[in-house]
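The values are calculated or read from the model by the stated rules, or taken from the named source; none is laboratory data. Just so it is clear, the model here is predicted, and its values are computed rather than measured. Cβ placement follows ideal geometry from the backbone for every residue including glycine, while neighbour counts extend to all protein chains displayed. Only protein heavy atoms, including side chains, enter the accessible area calculation; ligands, DNA and RNA are left aside. Shrake-Rupley method; radii C 1.70, N 1.55, O 1.52, S 1.80 Å.
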Amino acid sequence: MAKSRHFYIRKAHRYLGVLLGMQFLFWTISGLYFSWSDIDEIHGDHQRRKPRAFSGTQQFVSPGTVLQLLEVPVDSLQSIQLLPLLDRAHYGIAFYSGGTLHRVLADAATGITRPPVTRDEAIQIASESFSGPWAVRKVQLLTETGGHHEYRERPLPAWAVQFEHPTRTTVYVSAAYGKVETFRNDRWRIFDWLWMTHTMDYQGRDNINNWLLRIFSVFGLVTVISGFVLFGISSRVFRKRKRKTIPHPLQKI
């Protein structure tokens with residue numbers, strides 16, 4: 001006996017449901033976590049101290065003076081920032097020379113450049129930016145990070161200063177500028193892992209245009225549509241209409 005369309009739709013819906021069920025579960029769990037979480041707490045904003053403001057009476061040299069004092073020619077500028085560093089204002093300047101990107105840190109009052117931030121300076125900067133008298137647990141200089149690292153796609157080298165805090169908070173300080181780049185805590189790490197399952201980017205976590213996500217999205221759409229079709233053809237109204245259209249064997253034509 002030939003099998004009906006109903007049978008094949010039901011079978012397709014069943015196997016697609018098994019295939020996509022786990023991913024739908026991850027999408028639901030991650031969506032719940034995203035919607036029920038305070039993004040400021042995930043970013044660690046509640047743990048940050050406000051940066052010190054510069055006095056309006058301070059005398060600063062022109063950033064052009066700093067550029068003139070550099071030992072290498074400046075082909076083009078990428079950025080100039082005024083940064084607080086250890087109770088003094090500094091210029092953080094990024095520029096290109098000979099096709100290579102350089103970053104320098106110079107005293108804004110004198111224009112004199114200084115070396116990158118040391119380990120002890122990074123600890124002081126991180127401690128001043130982190131609210132509460134928490135002890136330092138671990139300090140590490142990062143020169144490279146992978147696609148799954150919590151400090152990915154940010155300026156390197158950087159100092160990772162981890163504190164003895166219940167959330168295992170780590171403050172990342174740029175070695176070139178002495179600037180606090182970001183906070184990372186356990187709530188963010190949960191968010192990041194769920195974000196990976198949400199985007200299905202198991203290489204770098206942040207690519208929402210990857211083919212695996214596209215394929216599962218199409219399969220999900222097919223599963224939903226097949227479920228609607230299956231519901232329609234299984235309903236009593238559909239079966240009654242189908243019986244009415246089929247003539248009785250003894251009915252005269």
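Rg over Rh for the stretch 22-151 works out to 1.08, both radii taken from alpha-carbon positions and Rh defined as the Kirkwood radius.
Applying the Karplus relation 6.51 cos²θ - 1.76 cosθ + 1.60 with θ = phi - 60° to the stretch 102-112 yields 3J(HN,Hα) values of 10, 10, 10, 10, 10, 5, 5, 8, 10, x, 7 Hz, where x marks Gly and Pro.
Calculate the FRET efficiency for Y151 and I190 from the Cβ-Cβ distance with a Förster distance of 22 Å, rounded to the nearest 0.05.
0.85
Distance between the pseudo-spin-label points of W211 and R137 (7 Å out from Cα toward the beta carbon): 4.1 nm.
Where does each of F183, F54 land when they are ordered by accessible area, with a 1.4 Å probe and the largest first?
Details: F183 0, F54 75 Å².
Ranked from most to least accessible, the order is F54, F183.
What is the angle, in °, between the Cα long axis of helix 236-245 and the longest principal axis of the Cα atoms in the chain? Nearest 10 is fine, range 0 to 90. That works out to roughly 40 degrees. Pairwise Cα distances in the stretch 119-226 exceed 20 Å in 50 percent of cases. Solvent-accessible surface of the chain, taken per residue with a 1.4 Å probe and all protein chains present: 65 Å².
For the stretch 91-201, with all protein chains in place and a probe radius of 1.4 Å, 55% of the accessible heavy-atom surface sits on carbon or sulfur. Can you tell me the 0 to 90 degree angle between the C-alpha axis of helix 211-234 and the longest principal axis of the chain, rounded to 10? Taking the Cα atoms of the chain, the angle to 211-234 is about 30 degrees.
The mean sequence separation of alpha-carbon pairs under 8 Å and at least six residues apart, normalised by the residue count of the stretch 64-114, gives a relative contact order of 32 percent.
Built from the Cα atoms of the stretch 154-201, the convex hull projects on average onto 3.8 nm², one quarter of its surface area.
Fully extending the segment from H46 to E128, taken as 0.36 nm per residue of separation minus the present Cα-Cα distance, adds 28.1 nm. The fraction of all Cα pairs in the chain landing in successive 10 Å bins from 0 to the largest distance is 6, 20, 21, 17, 12, 8, 7, 5, 3, 1, 0, given as whole percents. Between R14 and I225, the contour length at 0.36 nm per residue exceeds the alpha carbon distance by 74.7 nm. Per-peptide packing, taken as the mean over residues of other Cβ atoms within 10 Å, places 58-70, 102-114 in the sequence 102-114, 58-70 from highest down.
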